[in-house]
Amino acid sequence: MTTGTTLSRKAPISPKAMGTGALLALAAVLPLAITEPSQQNFLILILMGAQMGVAWNIVGGYAGQVSLGHAVFYGIGAYTSTMLLLTLGISPWIGAVAGGLVAALFALAMGWPCFRLKGHYFAMATIAVAEIMQILVTNSDFLEGAVGLYLPMDRSGWTWLIFLSKLPYYYVILGLLVLTVLVSWAIERSHIGYYFRAIKDEPEAARALGVSLTRYKLIALSVSAFLTAMGGSFYAQKEMFIDPGSVLATTISIKIALIAILGGVGRLMGPVLGAVILITIEEYSRTLFGSTGSGTDMIIYAAMIILVAVFSPSGVLGLLGDLRRHLPGAKPAAKSEGVKAEKMEVRP
């Protein structure tokens with residue numbers, strides 16, 4: 001009787017799980033209601049930003065290693081899949097995985113010396129690596145330098161990830177975002193996620209307990225690099241053209257980091273919210289100012305960094321959580337929630 005009663009009970013579905021399911025269902029049907037290609041492209045840009053932000057959050061949010069050179073992984077993914085397609089005729093699906101593996105290996109080689117640096121010097125080192133890579137590619141005849149690479153337009157379909165409409169691109173990047181969120185969610189709830197947070201908040205205590213700081217930092221960076229590179233491969237297929245300025249620029253690295261910081265570092269859905277806000281402002285300012293407003297997005301980025309750092313270091317999600325706790329009738333915050341609030345500190 002007891003066993004049967006226990007088996008008949010079903011675990012209640014949490015409000016967070018229901019909210020996530022509703023959000024995913026909305027994202028799946030949204031492009032069916034919005035049929036204008038320019039508006040569908042706007043949705044794709046938001047999903048691309050969210051995917052990059054969630055990938056960056058693994059190393060920058062959970063492990064606390066602020067990288068400002070993630071464009072190098074983005075560019076590796078774009079160039080690897082494009083070159084495999086142009087030279088060997090390999091499908092971009094395989095090229096994206098190959099790009100991710102190359103980026104992960106590059107992350108291991110890059111992280112080994114860079115993680116010996118402490119504090120803000122690590123962030124500066126990642127900027128330097130990204131700049132060096134951009135210069136090398138710009139001067140590479142094999143990669144067509146500053147001229148860039150064009151993808152062939154003589155083939156189309158799901159095999160080659162080349163479509164005439166925006167709708168298939170939307171579902172591809174939505175699937176990639178879901179994959180990236182699931183990887184991040186699995187890490188967050190595993191012992192690796194606990195190690196990441198220990199390295200971020202109390203590195204000396206983690207080291208004293210036997211946690212290898214370098215090993216787990218490298219794991220965080222390589223996983224983040226793999227997923228970021230897959231985003232770069234998608235960009236190449238969508239735009240059908242890449243050059244150093246479009247996939248290796250420093251502004252891309254800053255944008256990726258800012259998306260996560262704005263939404264809430266160390267929070268699973270923080271980068272998704274950050275992408276919705278940042279991409280909306282970016283596209284609106286571009287429409288409003290046009291070519292006369294060149295550089296406006298950089299001014300907005302800088303202003304946002306200052307505002308977030310001064311008024312809400314835990315991001316928009318943290319701000320919303322604080323506001324909710326101050327509503328009449330709200331339950332007092334538990335101690336664990338206070339501890340859970342993520343900080344933007346750069347730790348060794």
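Residues whose amide H falls under 5 Å from that of Gln65, counting only those 5 or more places apart or on a different chain, are Gly60, with hydrogens built in the peptide plane. Each of Thr35 and Arg215 was given a label point 7 Å from its Cα along the Cα-to-Cβ line. The distance between the two points is 5.7 nm.
Each residue of the range 134-145 was assigned a 3J(HN,Hα) from its phi angle through the Karplus curve 6.51 cos²θ - 1.76 cosθ + 1.60 (θ = phi - 60°); the sequence is 5, 5, 4, 5, 4, 9, 9, 5, 4, 9, 6, x Hz, with glycine and proline shown as x.
Using the Cβ-Cβ distance between Ser14 and Leu182 with R0 = 25 Å, the FRET efficiency computed as 1/(1 + (r/R0)^6) comes to roughly 0.90. Its Cα gyration tensor gives the chain an equivalent ellipsoid; the semi-axes, largest first and in whole Å, are 33, 26, 22. Karplus-derived 3J(HN,Hα) values for the range 241-247, using 6.51 cos²θ - 1.76 cosθ + 1.60 with θ = phi - 60°, are 7, 9, 8, x, x, 8, 10 Hz; glycine and proline are entered as x. What is the calculated FRET efficiency for Ser165 to Asp141, with r their C-beta to C-beta distance and R₀ = 22 Å, to the nearest 0.05? The computed FRET efficiency comes out at 0.05. Full extension of the chain between Trp158 and Leu117 yields a length gain of 10.4 nm, computed as 0.36 nm times the residue separation minus the alpha carbon distance. Separation of the range 14-37 from the range 104-133 is 37 Å, based on Cα centroids. How tilted is helix 250-263 with respect to the longest principal axis of the chain? Cα atoms for both, answer in degrees (0 to 90, nearest 10). Here the helix axis deviates by roughly 20 degrees. Summarising the label geometry, the points placed 7 Å from Cα in the beta-carbon direction at Arg325 and Ala303 lie 3.0 nm from one another. Here the range 167-232 is treated with +1 on each Lys and Arg Cβ and -1 on each Asp and Glu Cβ, and its dipole about the Cα centre works out to around 100 debye. The overall shape of the range 35-90 is oblate: from the C-alpha gyration tensor, with semi-axes ordered a ≥ b ≥ c, the ratio a/c is 1.5 or greater and a/b is no larger than b/c. Working ranking of peptides 133-146, 244-257 by packing, defined as the average number of other Cβ atoms within 10 Å per residue, highest first, is 244-257, 133-146. Solvent exposure of the chain amounts to 51 Å² per residue of accessible area, where only protein heavy atoms count and the probe is 1.4 Å. Give the angle, between 0 and 90 degrees and rounded to the nearest 10, that separates the Cα long axis of helix 71-88 from the longest principal axis of the Cα atoms of the chain. Helix 71-88 sits roughly 50 degrees off the main axis of the chain. Taking a ≥ b ≥ c as the square roots of the eigenvalues of the alpha-carbon gyration tensor, the range 59-174 is classed prolate because a/c is 1.5 or more and a/b outweighs b/c. Note on Thr251 and Leu105: the extension gain reaches 50.2 nm, defined as 0.36 nm multiplied by sequence separation minus the Cα-Cα distance. Counting only protein heavy atoms and a probe of 1.4 Å, the accessible surface of the range 194-276 is 60% carbon and sulfur.
A Cβ-based charge dipole, computed about the Cα centre of the chain with Lys and Arg at +1 and Asp and Glu at -1, lands at about 1420 debye. When the surface is traced with a 1.4 Å probe over the full set of protein chains, Arg325 keeps roughly 80 Å² accessible. Think of the chain as having a plus end and a minus end, set by charges on the Cβ of Lys, Arg, Asp and Glu; of Met304, Val178, Ile242, Val178 sits farthest toward the positive end of this dipole. In the range 199-282, taking the dipole from charged Cβ atoms about the Cα centre, the farthest positive-side position among Thr228, Ile279, Gly210 is held by Gly210. Projecting label points 7 angstrom from Cα along Cα→Cβ for Tyr194 and Ile132 puts them 3.8 nm apart. Rolling a 1.4 angstrom probe over the range 30-181 with all protein chains present gives an accessible area of which 72% lies on carbon and sulfur atoms.
The values are calculated or read from the model by the stated rules, or taken from the named source; none is laboratory data. Every value quoted in this text rests on a predicted model; they were computed, and no experiment measured them. Cβ atoms come from the backbone with ideal geometry, glycine included; neighbour counts cover every protein chain shown. Protein only, heavy atoms only, side chains kept; ligands, DNA and RNA dropped before computing areas. Shrake-Rupley method; radii C 1.70, N 1.55, O 1.52, S 1.80 Å.
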